[in-house]
Amino acid sequence: MKIPTLTICTLVLALCLVTSFALAQDARGHLVIIGGGGRTTEMMKRFVALAGGGEKANIAIIPLASGDPREAYEEAAVEFKNLGARQVSCLLFSKAEAAADSTCEKFNGVTGVFFTGGDQVRVTRVIVGTPVHRRLLQLYRDGAVMGGTSAGAAIMSKVMITGDELINKDSTNMFKSIQKGNVETVEGLGFLDQVVVDQHFVKRKRLNRLISVILEHPTLPGIGIDESTAVVVSPGGGVEVMGEGAVVVLDARHAGAIHTDTRGNLVGQNIVMHIYSAGDKFDLKTVQP
């Protein structure tokens with residue numbers, strides 16, 4: 001039986017994506033994930049240092065999430081240049097352009113990629129599943145540092161929280177329940193595929209939504225990063241907390257009796273919570289100090 005060429009191409013693309021995500025687990029690069037709000041000089045210095053420092057850092061800023069990409073780029077570019085980065089570029093592209101070799105080639109020589117804040121769905125809608133997506137994963141595997149703030153933090157995990165609710169439509173009282181099927185998630189960029197990342201966490205009281213997500217994905221711990229706070233993820237899964245606020249880790253991997261009651265509320269027992277602050281370290285695989 002002759003298999004259609006289109007089917008073969010589709011299968012090859014799917015296999016390439018699976019391979020890319022698997023490779024991300026063994027990456028030699030670092031992640032600097034900022035929960036939004038103000039960025040401390042210390043965490044931005046760390047990003048530049050991990051990108052090679054000063055003259056060697058070649059940083060690409062991707063402001064796709066922003067409603068004003070040019071302003072978002074210029075703000076981040078000034079920050080990086082003030083910290084000694086000599087090569088800073090803006091990479092903006094459409095979904096169609098993300099499929100072009102010429103766009104992928106713009107990442108040649110890049111040692112750090114930084115995603116600005118805004119709406120994370122604007123990023124995933126353009127990048128996920130494209131050659132640029134695979135190029136980013138390859139850069140991370142080869143040793144580049146990937147970073148982002150706010151929306152740029154949310155995109156780091158493979159299971160990504162969009163910020164929208166599917167059941168509760170009251171925007172004045174958001175995420176008021178721990179309910180099955182309410183928190184919308186889509187595929188993120190997958191630099192982290194073993195946890196779910198949430199941002200602005202303590203400041204915006206997002207505990208309910210992250211509990212909901214981990215009860216629906218109990219094999220994935222949730223990492224809630226507060227504003228002006230960052231986690232630095234090293235090769236191998238070591239995590240260091242930086243900044244002014246807290247990082248809350250929720251772990252339902254060993255929880256029991258996870259189910260939904262008659263009203264759609266999610267229920268579980270023995271859910272573990274850790275709270276970390278600047279200077280604390282833990283292991284991403286075990287979520288233990």
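For this structure, a couple of remarks:
- Any hit, the range 16-24, residues being assigned to a loop (DSSP other than H, G, I, E, B) and either modelled with pLDDT of 95 or more or closer than 26 Å to Arg122 by Cα (or both): no
- Restricting the first member to the range 169-189 and to residues that are closer than 16 Å to Arg263 by Cβ, and the second to residues that are buried (at least 19 other Cβ atoms within 10 Å of the Cβ) and aromatic (Phe, Trp, Tyr), the beta-carbon pairs closer than 8 Å and six or more apart or on different chains are Asn182/Phe175.
Results for (1) closer than 27 Å to Asp226 by Cα; (2) touching a residue at least 40 places away in the same chain (Cβ under 8 Å); (3) touching a helix residue (DSSP H, G or I) at 6+ places or on another chain (Cβ under 6 Å); (4) part of a helix (DSSP H, G or I), shown as yes or no for each residue.
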| residue | (1), (2), (3), (4) |
| --- | --- |
| Ala27 | yes, yes, yes, no |
| Ile33 | yes, yes, yes, no |
| Gly36 | yes, yes, no, no |
| Glu42 | yes, yes, no, yes |
| Glu71 | yes, no, no, yes |
| Lys81 | yes, no, no, yes |
| Ser94 | no, no, no, no |
| Ala98 | no, no, yes, yes |
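- Residue that is nearest to Lys45 (Cα to Cα), among those in the range 140-172 that are touching a Gly at 6+ places or on another chain (Cβ under 8 Å) and surrounded by fewer than 20 Cβ atoms within 10 Å (Cβ to Cβ): Gly143
- Entry remark, the range 105-118: residues being crowded, with 18+ Cβ neighbours inside 10 Å and either out of contact with any Ser or Thr (no Cβ under 6 Å at 6 or more places or on another chain) or of a type in the set (Ser, Thr, Tyr) (or both) number 8 in total.
- Check on Phe175, surrounded by 20 or more Cβ atoms within 10 Å (Cβ to Cβ), aromatic (Phe, Trp, Tyr) and over 19 Å from Ile62 (Cα atoms): yes
- Residue selected from the range 86-97 under the condition in contact with a Lys or Arg (Cβ under 9 Å, 6 or more places away or on another chain) and among the hydrophobic types (A, V, I, L, M, F, W, C), by the criterion nearest to Ser66 (Cα to Cα): Leu92
- When the range 263-289 is filtered for residues that are within 29 Å of Thr40 (Cα to Cα), part of a strand (DSSP E or B) and not hydrophobic (A, V, I, L, M, F, W, C), the ones remaining, listed by number, are His274, Tyr276, Lys281, Asp283, Gln288.
- Across the range 147-201, the number of residues qualifying as under 13 Å from Thr124 (Cα atoms) and either of a type in the set (Ser, Thr, Tyr) or at pLDDT below 95 (or both) comes to 3.
- Residue within the range 212-219 that is surrounded by 15 or more Cβ atoms within 10 Å (Cβ to Cβ) and in contact (Cβ under 8 Å) with a residue 60 or more places away in the chain present: no
- Residues of the range 135-163 that are more than 12 Å from Arg28 (Cβ to Cβ) and of a type in the set (Lys, Arg): Arg135, Lys158.
- Yes/no for Phe93 being among the aromatic types (Phe, Trp, Tyr), surrounded by 13 or more Cβ atoms within 10 Å (Cβ to Cβ) and at pLDDT 95 or above: yes
- For the range 37-46, the count of residues that are under 20 Å from Gly109 (Cβ atoms), among the hydroxyl-bearing types (Ser, Thr, Tyr) and modelled with pLDDT of 95 or more is zero.
- Among the residues of the range 178-202, the ones that are surrounded by fewer than 21 Cβ atoms within 10 Å (Cβ to Cβ) and closer than 16 Å to Ile33 by Cβ come to 3 in all.
- Number of the condition not met by Gly117 [criteria: (1) touching a strand residue (DSSP E or B) at 6+ places or on another chain (Cβ under 6 Å); (2) not in a loop (DSSP other than H, G, I, E, B)]: (2)
- Of the residues making up the range 241-250, at least one is more than 23 Å from Met146 (Cα to Cα) and either part of a loop (DSSP other than H, G, I, E, B) or in contact with a strand residue (DSSP E or B) (Cβ under 6 Å, 6 or more places away or on another chain) (or both).
The values are calculated or read from the model by the stated rules, or taken from the named source; none is laboratory data. Note that the coordinates shown come from a computational prediction; the quantities given were computed from them, not determined experimentally. Virtual Cβ from ideal backbone geometry, glycine too; neighbours counted across all protein chains shown.
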